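Below is one structure, written out as structure tokens, with a few remarks after it.
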Amino acid sequence: MLRGEFTYMQGILIALLVPAIITVVFTRVTYNTFVSFGLTLLFMWAVFGGLDHPIHLILLTILSAIVGFYLSKKTQKQNKKKMK
């Protein structure tokens, strides 16, 4: 029983952290926040295996990707100010 709860918590942590980090990294590579957001959602779709997981994990993944989108937009704005 403890092992099942541990993997469940791992899924929640992955859904909360990984999409935000991946979105920021993809933005640094592609220089486009919308492309990185789309790539992140496709990547997480592949990792989680589509709609086979509970809806709350899918929603947490989307929420984390939106947070990553916000952070990458903020980072891009700061970089543009530095370049001027």
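Observations on the model:
- Taking the alpha carbon gyration tensor of the chain, multiplying each eigenvalue by 5 and rooting it gives semi-axes of 29, 12, 9 Å, largest first.
- Solvent exposure of Ile66, expressed as accessible area, is near 90 Å², computed with a probe of 1.4 Å over the protein chains only.
- Where Met83, Met9 fall by accessible area, highest first, once all protein chains stay in place (1.4 Å): Met83, Met9
- Span-like helix ranges in the chain, DSSP H, alpha carbon extent 15 angstrom or more, Kyte mean at least 1.0: 2-30, 33-48
- Close amide H contacts of His53 (hydrogens built in the peptide plane, cut-off under 5 Å, sequence separation of 5 or more or a different chain): none are found.
The values are calculated or read from the model by the stated rules, or taken from the named source; none is laboratory data. Keep in mind it's a predicted model, so treat the numbers as computed, not measured. Remember, those area values only see protein heavy atoms, side chains included, never the ligands or the DNA or RNA. Shrake-Rupley method; radii C 1.70, N 1.55, O 1.52, S 1.80 Å.
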